[in-house]
Number of protein chains: 2
Amino acid sequence: MRTARTNEGWIAVDWGTSNLRLWAIGPQGQVLAERSSSDGMGGLTPEGFEPALLALAGDLLPDGQLTEVLICGMAGARQGWVEAPYAPVPCPPAGGAPTPAPTRDPRPSVRILPRLSQADPADVVRGEETQIAGFLATEPGFEGTLCLPGTHTKWARVRDNQVVRFRTAMTGELFALLSTQSVLRHSVSTEGFSETAFTEGFDQAAAHPRELALDLFSIRPASLLADTSPEASRARLSGLLIGAELASVRDYWQDTPVVVIGAAALSQRYAAGLKRLGAQVRTSDHPALALEGLRAAQARFAKERT
Amino acid sequence: MRTARTNEGWIAVDWGTSNLRLWAIGPQGQVLAERSSSDGMGGLTPEGFEPALLALAGDLLPDGQLTEVLICGMAGARQGWVEAPYAPVPCPPAGGAPTPAPTRDPRPSVRILPRLSQADPADVVRGEETQIAGFLATEPGFEGTLCLPGTHTKWARVRDNQVVRFRTAMTGELFALLSTQSVLRHSVSTEGFSETAFTEGFDQAAAHPRELALDLFSIRPASLLADTSPEASRARLSGLLIGAELASVRDYWQDTPVVVIGAAALSQRYAAGLKRLGAQVRTSDHPALALEGLRAAQARFAKERT
C-alpha cells in the first residue's frame, strides 16, 4: 500500500517509438516544464522504461508524495512497459480505463492509456488516439475526418466525440525505406523538394493508383536516362506515395470535412493533395494536441474519482 | 597493340549486383568450367572489377593468348567497370555493339553487352536482356510476354525476336524491405509459407490494387489482434505485392502467352497468380538462360567478324 500524500500536480507523457516527450503540469493546469529525449519505445526493453522516465523527470517527482504520471503511445505496446488493452471502435479516443505500470521507485503512480482497435478491417491506433482526443477537446462536436500524417498515417472518422472507424497507411515508412534503403536511394536526395515534381507524381498516382509499383521504379530510370535531379526525384516519390494513399482512402475525405493534424511541412503536402482532389480540408496548427488529449483524460479520471 | 594469338575458347560472364557467375567455354562450345563468387557490382569500385575477374578466372586465361570475355549485367552500370550504352527498344535483346573494358592484364579481351532502355515510360533493363536473348535462342520466334521475377521484376513484350516494350516492378525489393526493415518485421517470419494466406492476399490485392498501402499495414494488426502466424503473414505479404503487381501490368498478360523465367519457387507463385487471373502461362525450367544469351551474342559477333 502506498500511503504517501498525493501531489496535486501530475506528469503527462507522450511515449512514441522514437521519442519520449513529457510535460510537468501544476495544480492549476499550468505547464511547469516540458522535456524530451530519444528514449523511444523502439530502443527499450520493458525493464528500461522506468529508468528512462526517471532519467528525464526524476527531479520533477517530489519525495514523500505520489505523483500521477499518465502515458499515451507505444509504452503500452506488447514490447512496451506493460501492454495496455485496445478499446474497440466506435468509442471515445483515449476514453477507456488506463493500465497501471509497475515501478520500483515509490514516487510515481504510472498509468498507460488504452489504444484503439478495429476488427474489420483489422487495424490499430497506438498513440494518435490521444491527439484525436486533444483535437476533440479543442473542437468538441467536430464531425468529419482527421488525417494524421506520419510514419503510419492515420485516417479517423469522427462523430459524437467518438472514433467511428479508421485506417492506417504505411506511406511515411515506405517513403523512408524507399528513399534510403532501396535502389531509388541512388536517385533521391536526402533534402530539398520540388513542388512541380511533387504535383506531377501526386496527380499520376491519384489517377492511376494501381500502377504504383511500376511508377516507383520509374524514378530510377528517369534519373539515369533524363538526368532528373535528386530533389525532383525525392518530391516525385513523395507525390506518388501520397497520391496513391489518397486514392485508397477516398471514402474518408469525399463529401466530408477533413482536418490534417501533424508536422507543418508534411501536413501541407497532404492538404495540398486533398485540395487538388476537391476535398474540403484545413490544417490544425495546434502545437501539442497529445498534451490536450492527456489533459482531457486526466480531468475525466479526476472527475470519476470524486 | 595486342599481337598475341587468339584463344579459340572464351569466357561468358553474368555480373549482377550481388553475384558474379562465369563459364569457360571451349572451342566446340562445351562448358569447361562454371564458377561463381559474391563479388557483385554492388561491392566493387570500377577499379575492383579486373581483380575480381582475375581472382575467379585468372587460371582459365592462358599466357601468351588473348581470351575473349563477354559480360552481361551490372558490370555495365554507371557505377560498374565501364558504362555500357543503353539500346532503345524496340530492338533485339543483347543485340547492339559491346563496350570494351580496359584491363592491365594482357590476357583477357573484355567486352560488356549493352542494356535496354525505354523512353516512355522511362525504364531500363540491366542484365535480364541476356536471359531474354537466351530464351529467344531456345525458342526463336516466340511472340508474347516474358516475366522475370526478382528484386526488380521485368515484364517484356517480345515479337520478331525483339523486345517491343517492357516495365519494371519493385515487388521483390519491397518484399525484402517490408519483411525485414519495416514495422511488419515483427509479424512476418523469415521462412515458411502458407498457400492459403498467399492466395487470400493475392486475390484481395488483384481485385483492389489501389488499397495496397492500407492492406500492407493490416498485416501488423492481424497478428496483434487475431494472432495470425508469422508464416501466414509472410505469405500474405507476398500475395498482396504480387497481386497488386499483376493488376498493374494487365496489358502484359491479358490475351497473350506468358512465360515466367527465374528461380523455381518465386516463378511458381507468379505462375499461380497469373493462372488465377485467367492468363495463359507456363514456366521455363532452363537452368542458365543468361549463358544461352551470351552464347548467342558471342556467335553473332564471331559471324560479324568473318
Inset, instruction - Kindly provide the set of residues from the stretch B:60-71 that are surrounded by 18 or more Cβ atoms within 10 Å (Cβ to Cβ) and among the charged types (D, E, K, R), ordered by number. - result: B:Glu68
Inset, instruction - Scan the stretch B:201-212 and give yes if some residue there is in a strand (DSSP E or B), crowded, with 23+ Cβ neighbours inside 10 Å and either among the hydrophobic types (A, V, I, L, M, F, W, C) or facing another protein chain (nearest Cβ under 10 Å) (or both), otherwise no. - result: no
Inset, instruction - Go through the stretch B:1-59 and tell me which strands (runs of 3 or more DSSP E), entirely inside it, have 1 or more residues that are within 19 Å of the chain's Cα centre (by Cα) and surrounded by fewer than 20 Cβ atoms within 10 Å (Cβ to Cβ). - result: B:20-25, B:31-37
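Which residue, of B:Pro106, B:Pro121, is touching a strand residue (DSSP E or B) at 6+ places or on another chain (Cβ under 9 Å), farther than 30 Å from B:Ala12 by Cβ and part of a loop (DSSP other than H, G, I, E, B)? Walk me through how you get there before you give the answer.
Values: B:Pro106 fails: farther than 30 Å from B:Ala12 by Cβ.
Criteria check complete, one pass: B:Pro121.
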Legend entry - the stretch A:22-36, residues that are at pLDDT below 95 and either among the hydroxyl-bearing types (Ser, Thr, Tyr) or touching a Ser or Thr at 6+ places or on another chain (Cβ under 7 Å) (or both): none
Legend entry - All positions within the stretch A:173-189 that are without any contact (Cβ under 8 Å) to a residue 24 or more places away in the chain and more than 7 Å from chain B (Cβ to nearest Cβ): A:Thr180, A:Arg185
Inset, instruction - Name the helices (runs of 4 or more DSSP H) wholly inside the stretch B:250-306 in which the number of residues that are of a type in the set (Gly, Ala, Ser) and either farther than 20 Å from B:Ala169 by Cα or assigned by TED's automatic domain parsing to the domain that holds B:Ala206 (or both) is 3 or more. - result: B:264-276, B:289-305
Legend entry - Of the criteria (1) modelled with pLDDT of 90 or more; (2) outside any helix (DSSP H, G or I); (3) buried (at least 21 other Cβ atoms within 10 Å of the Cβ), which one B:Ala94 fails: (1)
Inset, instruction - Look through B:Phe202, B:Phe193, B:Phe175 and report the one residue that is in contact with an Asp or Glu (Cβ under 9 Å, 6 or more places away or on another chain) and of a type outside the set (Ser, Thr, Tyr). - result: B:Phe193
Legend entry - Pairs with Cβ under 9 Å, 6+ apart, first in the stretch B:262-281 and under 17 Å from B:Lys154 (Cα atoms) and free of Cβ contacts under 8 Å to residues at least 24 places away in the same chain, second in a loop (DSSP other than H, G, I, E, B) and among the small types (Gly, Ala, Ser): B:Ala271/B:Ala279
Legend entry - Subset of the stretch B:233-266 [closer than 18 Å to B:Ser194 by Cα and either at pLDDT 95 or above or β-branched (Val, Ile, Thr) (or both)]: B:Ser233, B:Arg234, B:Ala235, B:Arg236, B:Leu237, B:Ser238, B:Gly239, B:Leu240, B:Leu241, B:Ile242, B:Gly243
Inset, instruction - Residue by residue through the stretch A:111-137, note down the ones that are within 14 Å of A:Gly293 (Cα to Cα) and either facing another protein chain (nearest Cβ under 10 Å) or not aliphatic (A, V, I, L, M) (or both). - result: A:Pro114, A:Arg115, A:Arg126, A:Gly127, A:Glu128, A:Glu129, A:Thr130, A:Gln131, A:Gly134, A:Phe135
Legend entry - Leading residue by the ranking (farthest from the other protein chains (Cβ to nearest Cβ)) among those in the stretch A:229-249 that are of a type in the set (S, T, N, Q) and within 14 Å of A:Ser179 (Cβ to Cβ): A:Ser238
Inset, instruction - Return only the number of the condition from (1) over 26 Å from B:Arg185 (Cα atoms); (2) more than 7 Å from every other protein chain (Cβ to nearest Cβ) that A:Ala226 does not satisfy. - result: (2)
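Here is a yes/no grid of residues against (1) more than 14 Å from chain A (Cβ to nearest Cβ); (2) at pLDDT 95 or above; (3) under 24 Å from B:Leu54 (Cα atoms):
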{"residue": "B:Gln79", "(1), (2), (3)": "no, no, yes"}
{"residue": "B:Glu143", "(1), (2), (3)": "yes, yes, no"}
{"residue": "B:Gly150", "(1), (2), (3)": "no, no, no"}
{"residue": "B:Trp155", "(1), (2), (3)": "no, yes, no"}
Legend entry - the stretch B:157-172, residues that are within 13 Å of chain A (Cβ to nearest Cβ), hydrophobic (A, V, I, L, M, F, W, C) and assigned to a strand (DSSP E or B): B:Phe166, B:Ala169
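Does B:Leu66 satisfy the condition of being under 30 Å from B:Phe142 (Cβ atoms), in a strand (DSSP E or B) and of a type in the set (A, V, I, L, M)? Spell out the reasoning first.
Working: under 30 Å from B:Phe142 (Cβ atoms): no; in a strand (DSSP E or B): yes; of a type in the set (A, V, I, L, M): yes.
Spelling it out, it is not the case that B:Leu66 is under 30 Å from B:Phe142 (Cβ atoms), in a strand (DSSP E or B) and of a type in the set (A, V, I, L, M).
The values are calculated or read from the model by the stated rules, or taken from the named source; none is laboratory data. This structure is a prediction, so every number in the text was calculated from the model and none was measured. In this analysis, Cβ positions are derived from the backbone assuming ideal geometry, glycine residues included, and neighbour counts consider all displayed protein chains.
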